[in-house]
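S.K.: Please find one structure pasted underneath; my questions will follow.
The values are calculated or read from the model by the stated rules, or taken from the named source; none is laboratory data. Keep in mind that this is a model prediction, so the values were computed, not measured. Ideal geometry is used to build each Cβ from the backbone, glycine not excepted, and the neighbour counts take in all protein chains shown. In case anyone asks, the SASA skips ligands and DNA or RNA and just uses the protein heavy atoms, side chains included. Shrake-Rupley method; radii C 1.70, N 1.55, O 1.52, S 1.80 Å.
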Amino acid sequence: MALYDVKPKFRQLLSRLLPWLEPVHPDVLTWGALACSVASAILLSCAYRHRWLLLVIPLLLFVRIALNALDGLLAQATGKARPFGEVLNEATDRLADMTVLFGIAYSPFSSIRWGAPAVAAVLFSSYIGILGKAVGAGRQYGGLFGKADRMLWFGLACLAAYFFGNATLFRIPRGPSVELFDGLLALFTPMACLTSLQRVFQIHKTLSGRGP
């Protein structure tokens, strides 16, 4: 079960905020979500010397997910939904993903060698999700490792690092040791690839069900 499965209930809870957000343009929330990702990447680098910042990052990640859901809800509720809003949402989402992943890889907690494969795999899974809509099967958000799942694991890693430090998970024979955030990026790569396969199968299932 992925966090996407609880998305309807989460959106229902967030919808209670819409009356207070009506004066705000949905694009402000979209950019706010990107700002949360940028801030989390910056704080992760600063947290190497100021460990308490690791407790702030999960809050920023939660706000990012909430804003990502609220911008669409607000656009629909206020009649401000437009095609370019979807373009802006997808583009800033991808920028946010890259910011978070490269932020982890370039931080003092990790190594860039683990970052590039994770970025490629995550962006490819997002591409497959968007491709579903392009071919008429609908935007694909499912799979075991969607955006909310990635943010959850990142947040949990920050909490673990606060309480236990950037612990060594294992050592590669005749190679470097793999610490907590290295392991996080290493996890992102195969799980994002699996998510891509799940989305491809779902697209195929949807299109096959329509017949020739």
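S.K.: Hand me the trypsin sites (Lys or Arg not before Pro) from segment 60-98 located in a DSSP loop with no more than 16 other Cβ atoms within 10 Å, in residue order please.
M.R.: When the trypsin sites (Lys or Arg not before Pro) of segment 60-98 are filtered for loop state and at most 16 Cβ neighbours within 10 Å, LYS80 remain.
S.K.: Ok, one more. List the aspartates and glutamates whose Cα sits under 13 Å from the Cα of LYS80, skipping any in the same chain fewer than 8 residues away.
M.R.: Qualifying aspartates and glutamates at Cα under 13 Å: GLU22, ASP27, ASP71.
S.K.: Could you give the C-alpha radius of gyration of segment 1-119 expressed as a fraction of 2.2 N^0.38 Å, taking N as the number of residues it contains?
M.R.: This ratio for segment 1-119 stands at 1.17.
S.K.: Moving on to the next point. Taking only protein heavy atoms into account and a 1.4 Å probe, give the accessible area per residue of segment 88-211 in Å².
M.R.: 48
S.K.: Sticking with this one: May I ask which residue of LEU13, THR92, ALA75 lies farthest towards the positive end of the charge dipole of the chain, with charges of +1 (Lys, Arg) and -1 (Asp, Glu) on Cβ and the Cα centre as origin?
M.R.: LEU13
S.K.: Also: Using a 10 angstrom cutoff on alpha carbons, build the Gaussian network for the chain and name the most mobile of LEU59, LEU101, LEU17.
M.R.: Judging by the Gaussian network model, the answer is LEU17.
S.K.: Shifting gears a bit: Pull out the extension gain between ARG94 and ARG11, defined as 0.36 nm times the separation in residues minus the alpha carbon to alpha carbon distance; nm, one decimal.
M.R.: Residue separation times 0.36 nm, minus the Cα-Cα distance, leaves 27.8 nm.
S.K.: Over segment 106-212, what percent of the accessible surface lies on carbon and sulfur atoms, probe 1.4 Å?
M.R.: Carbon and sulfur atoms account for 68 percent of the accessible area of segment 106-212.
S.K.: Report, in order of residue number, the helices in the chain meeting two criteria: a C-alpha extent of 15 Å or more along the helix axis, and a mean Kyte-Doolittle hydropathy of at least 0.5; treat each whole DSSP H run as one helix.
M.R.: Length and hydropathy pass: 26-46, 57-78, 115-134, 147-164, 180-208.
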